[in-house]
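Please read the structure below before turning to the comments.
The values are calculated or read from the model by the stated rules, or taken from the named source; none is laboratory data. Here the structure is a predicted model, which is why all the values come from computation and not from measurement. All Cβ positions, even for glycine, are placed from backbone atoms using ideal geometry, and neighbour counts span all protein chains on display. Heavy atoms of the whole protein, side chains included, go into the accessibility calculation; ligands, DNA and RNA do not. Shrake-Rupley method; radii C 1.70, N 1.55, O 1.52, S 1.80 Å.
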Amino acid sequence: MVVTDDSELHQVMLSLRSHGWSRDLNPTLRDQLQVDHNIDDFRNLYTFYYAGFNLRSTDLQAFIGRQQILKLDDICRVRARNFDTYAEELHGYYSQDSETDLLSSFAYGTLVENRMEVFEHLRAQQIECRPLICGNIARHPFWIRHYGRQVLPNADLIHDYGIYLPNHHNLSTADVLSVAGTFKAVAQPKTMRDHAA
């Protein structure tokens with residue numbers, strides 16, 4: 001526990017508790033960080049301003065998590081089915097490949113040329129999407145502040161073009177087909193081959 005009467009330290013500690021991102025901060029500070037670091041709306045909630053932790057779990061969450069373990073096999077099967085449906089529907093877009101027997105991802109990652117347009121289109125349809133992992137960690141403010149800028153071409157590809165589509169066990173095949181159709185209506189594929197050229 002941290003007790004302080006320093007409002008700036010309070011905000012920094014809130015960020016450190018939650019990965020180092022800004023989503024739990026005072027809206028004025030959050031908006032200022034976004035402007036200061038030239039972060040677009042798509043990346044804003046997933047940009048790390050500090051080298052933080054993930055210290056948000058509670059006893060109640062642990063109890064719920066233990067109950068979820070009882071449902072894990074079914075959850076994994078549905079997510080795997082959804083992933084396969086996305087892969088079939090989004091032929092021509094980058095798709096993750098794995099040798100594992102069961103790929104149970106929380107999202108479906110791909111690459112698009114026009115990510116901001118896709119983000120805004122999906123958001124208008126109330127479909128959540130987010131950046132593909134953290135992109136290039138060396139382009140996040142906390143890293144630049146401590147280590148300077150670095151060129152990492154493959155990580156930059158993910159940073160600039162990566163997008164996650166939702167894959168939740170409560171999504172039906174019809175839901176996934178709807179998301180894929182909405183996505184394809186505007187998304188322009190970006191391939192690894194494009195990047196190498």
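Considering (1) more than 22 Å from TYR164 (Cβ to Cβ); (2) surrounded by 11 or more Cβ atoms within 10 Å (Cβ to Cβ), the lone condition that ARG66 does not fulfil carries the number (2). The set of residues from segment 95-110 being touching a residue at least 40 places away in the same chain (Cβ under 8 Å) and among the hydrophobic types (A, V, I, L, M, F, W, C) comprises PHE106, ALA107. Considering only residues in segment 33-56 that are of a type in the set (S, T, N, Q) and open to solvent by less than 100 Å² (accessible area, probe 1.4 Å), the one that is farthest from HIS168 (Cα to Cα) turns out to be GLN34.
Comparison of ARG23, ARG43, ARG30 shows that the only residue that is among the charged types (D, E, K, R) and touching a residue at least 24 places away in the same chain (Cβ under 8 Å) is ARG43.
For segment 148-183, a residue qualifies if it is without any contact (Cβ under 8 Å) to a residue 60 or more places away in the chain, in contact with a Lys or Arg (Cβ under 9 Å, 6 or more places away or on another chain) and either assigned to a helix (DSSP H, G or I) or charged (D, E, K, R) (or both), and the qualifying residues are ARG149, ALA155, ASP156, LEU157, HIS159, ASP160, TYR161. Do you know which of the residues in segment 77-94 that are more than 14 Å from GLN188 (Cα to Cα) and free of Cβ contacts under 8 Å to residues at least 60 places away in the same chain is least open to solvent (accessible area, probe 1.4 Å)? This residue is ALA80. Of everything listed in (1) touching a strand residue (DSSP E or B) at 6+ places or on another chain (Cβ under 8 Å); (2) open to solvent by 40 Å² or more (accessible area, probe 1.4 Å); (3) over 26 Å from ARG81 (Cβ atoms), the single unmet condition for GLY135 is (2). If you check ARG43, ARG30, ARG56 for being part of a helix (DSSP H, G or I), touching a Lys or Arg at 6+ places or on another chain (Cβ under 8 Å) and not aromatic (Phe, Trp, Tyr), only one passes: ARG30.
For segment 95-132, filtering for residues that are under 13 Å from TYR164 (Cβ atoms) and of a type outside the set (Ser, Thr, Tyr) leaves 16.
Of the residues screened, ASP24 is one that is acidic (Asp, Glu), open to solvent by less than 70 Å² (accessible area, probe 1.4 Å) and farther than 18 Å from ILE133 by Cβ. Scanning segment 97-139 for residues that are of a type in the set (A, V, I, L, M) and at positive phi yields a single hit, ILE133. ARG145 falls short on exactly one of the conditions (1) in contact (Cβ under 8 Å) with a residue 12 or more places away in the chain; (2) farther than 15 Å from ARG81 by Cβ; (3) not in a loop (DSSP other than H, G, I, E, B), and that condition is (1).
The residue that is modelled with the highest pLDDT, among those in segment 97-120 that are in a loop (DSSP other than H, G, I, E, B) and out of contact with any helix residue (DSSP H, G or I) (no Cβ under 8 Å at 6 or more places or on another chain), is ASN114. Restricting to segment 101-126, and then to whatever is within 20 Å of ASN82 (Cβ to Cβ) and open to solvent by 30 Å² or more (accessible area, probe 1.4 Å), can you tell me which residue is farthest from the chain's Cα centre (by Cα)? Checking each candidate, the answer is ASP101.
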